[in-house]
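The values are calculated or read from the model by the stated rules, or taken from the named source; none is laboratory data. Quick caveat, the model's predicted, so the values are computed rather than measured. So basically every Cβ, Gly included, is an ideal-geometry build from the backbone, and we count neighbours across all protein chains shown.
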Amino acid sequence: MTNLTDQNALDNDEPYYVISVVARMLQVHTQTLRYYEREGLLEPARSKGNIRLYSRSDIDKLRRIKTLIDDLGINLAGVQVVLHMSERMYDMEREIQKLNHQLDELKNNMGYRR
């Protein structure tokens, strides 16, 4: 059975939006989105007809990119570094949570009490 959190994650990764809709949502030109894709900042899904389809997660990432560029004045190379570091931090946080969970299980199995 899929819980609500898992369902929301699935919905966020489901490609729904075509490039023109995303461009309107973010108030950017479609060429800007194509340029970000060429630069490797994101990779939208493709339909059978090779049409770009963006998920909610893609749109969130594009909003972060737009904020970094427009509000903070970071260039695309800097954006790539920031996004890569953010992904690494997220991965590390998940690894720490996993290790903490394993540690708690070990403590419980050994009868450890604080």
Q: Only residues that are under 16 Å from Val21 (Cβ atoms) and surrounded by 15 or more Cβ atoms within 10 Å (Cβ to Cβ): list them for the stretch 38-60, please.
A: Leu42, Pro44, Arg52, Leu53, Tyr54, Ser55, Arg56, Ser57, Asp58, Ile59
Q.
Condition (residue is outside any loop (DSSP other than H, G, I, E, B), surrounded by fewer than 16 Cβ atoms within 10 Å (Cβ to Cβ), at pLDDT 95 or above and in contact with a Ser or Thr (Cβ under 7 Å, 6 or more places away or on another chain)) applied to the stretch 68-88: is it met by at least one residue?
A. no
Q: For residues that are small (Gly, Ala, Ser) and in a loop (DSSP other than H, G, I, E, B), scanning just the stretch 38-56, find the one that is modelled with the lowest pLDDT.
A: Ser47
Q.
under 30 Å from Gln31 (Cβ atoms), assigned to a helix (DSSP H, G or I) and among the acidic types (Asp, Glu): is that true of Asp91 in this structure?
A. no
Q: Collect the residues in the stretch 1-37 that are at pLDDT below 95 and in a helix (DSSP H, G or I), keeping them in residue-number order.
A: Leu4, Thr5, Asp6, Gln7, Asn8, Ala9, Leu10, Asp11, Asn12, Asp13
Q | Flag if Met110 is at pLDDT 95 or above and exposed (fewer than 15 other Cβ atoms within 10 Å of the Cβ) | A | no
